[in-house]
1. Give, rounded to the nearest 20 debye, the magnitude of the charge dipole that region 11-163 has about its Cα centre when Lys and Arg contribute +1 at Cβ and Asp and Glu contribute -1 at Cβ.
2. To make sure I understand, if each residue's beta carbon is the centre and we count other beta carbons within 10 Å, what order do His355, His323 fall in, fewest to most?
3. Which far-off residues, 5 or more places away or on another chain, put their amide H under 5 Å from the one on Val335, with H placed in the peptide plane?
4. Between the DSSP loop rule and a limit of at most 10 other Cβ atoms within 10 Å, which trypsin sites (Lys or Arg not before Pro) in region 267-346 are left?
5. Just to confirm a number: summing +1 for Lys and Arg and -1 for Asp and Glu over residues other than Ile342 whose beta-carbon lies under 10 angstrom from that of Ile342, what do you get?
6. Around Pro111, under 15 Å between beta carbons, what's the net of Lys plus Arg minus Asp minus Glu among the other residues?
7. Calculate, for Arg246 and Arg158, the FRET efficiency according to 1/(1 + (r/R0)^6) with r their C-beta to C-beta distance and R0 35 Å; round to the nearest 0.05.
8. Which aspartates and glutamates have a Cα less than 17 Å from the Cα of Lys219, not counting those fewer than 8 places away in the same chain?
Amino acid sequence: MPPRPRSLDSRGALARVVALGERLASATDERSLAIICCSGLRSLLGAKAAALVTENTLVIDGLPPEEEFLRSLRSFAVDVVLSHTAPVVVADERLPSWIRKSAGVDVVLAPLRVQRILVGALIAMGLPDPATGRTLLQAIAQKATACLGSLRMIEEIRGQAREVEILLEQRTRKLRAAESSMIIRERLAAIGTLAAGVGHEIANPLASVFLNQSALALKLSRAELPPGLGAEVERLLAESDESLERIRTIINELRTLARRDDEISPLDVRTVVEAALRLSRAQLRHVEVRISLAPVEMVHGSAARLGQVFLNLIMNASQALAHVGGAVLDIRTEVLGDHVAITVEDNGPGIAAEHLPHVFDLYFTTKTQGEGTGLGLAIAHDIVSGHGGRIEAESSAGHGATFRVLLPIPRKTGGSPPRPLLP
């Protein structure tokens, strides 16, 4: 048992209380403070056991830390000190039997109050001199309370700092996303200007070629060509007409996709998906594309911006399937509840579990340097969110990837249009 303490008037006792206060001030958390405090209490007061109880911590020195005993001790301490501001001596006859059995008689409890709010208690059990112990416990409790208040203030400041860091990170990400989106918009605007110029420049020659094709087809139909040659010429003319029509369609779709405005209007997403598929045809030559565009309800949206989303998803799938034998890309539309769902699913290598939660993060990419910027899916997510919808990703390594765009059906959401799209 620790030696019997000297009187509080003793210079040695005061020095030891001061020294204990300095040690308490060095604590970095509540548990370390509790350990230092309990050890110092036993040394200074000669107690059989000492404990410090808060809502976050319960440390006991001198008795086995049995779970049932600790729970009972916490409840007992709170009941005793709840209405007190100074240490309380609990005599033998008022002590619960489980304390008398474990710690003996004479228990002193000091409330720990931070800004008048009870946050815990300091307990000395089995004191050889309860009167002196009460006075010493008061002095130590004051120092422990001050240190406890400082620790909690520091933790609160740390918490606020973490919140500020998170807020700054979110704001920074939004600013970077807006900046990246603006860059993409400027590039698309440049493409739109180029497409408009190209369309204008080739409009007359293209019309001339169409007329010449028609005239040539008419002349050949009147000419008496050998049966085999006539059929071959008709086939070649039909292929030329189809290619010319495709050129005209691609120019129109490029101009729509890179349009400067964000006109919100009712649209059938199937036409937007089909346009994105036509633009990505060259990248899908090695892929079996399965299209199931079921009739769906109209949504409010920008054909240009949604076209960016679907084109990005299709191009990502195409790149994922580049080295896959038997590559398959499924694209389908359906109505799910009060949303139109557009699903793009591939049987590629999939996305690792640790990467899946980050696929929509700005600048996150698993592609090699030079192949990916980490902007595509982040901007797609922003565009879909701007339409009042959401985009989901499902995947596992080796089992392909599924991206689902969900856009609200106006008549089922009060008919209100989506919020203005971000620049």
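Derivation of every value follows stated rules applied to the coordinates shown; laboratory data play no part. Note that the structure is a prediction, hence the values are computed from the model and not measured. Here Cβ is always computed from backbone atoms with ideal geometry, including for glycine, and neighbour counts include all displayed protein chains.
1. On the way: 18 positive and 16 negative charges, 77 e Å.
Result for region 11-163 is approximately 380 debye, rounded to the nearest 20.
2. In order of increasing Cβ crowding within 10 Å: His323, His355.
3. Under 5 Å from the amide H of Val335: Ala341.
4. Passing both the DSSP loop test and the Cβ count: Arg285.
5. Values: positive: Arg270, Arg332, Arg404; negative: Glu334.
That sum, taken over residues with Cβ under 10 Å, equals +2.
6. Values: positive: Arg74, Arg113, Arg116, Arg134, Lys143; negative: Glu55, Asp79.
Cβ neighbours under 15 Å give a net charge of +3.
7. Values: r = 62 Å, r/R0 = 1.78.
E(calc), rounded to 0.05, equals 0.05.
8. Partners within reach: Glu232, Glu234, Asp241.
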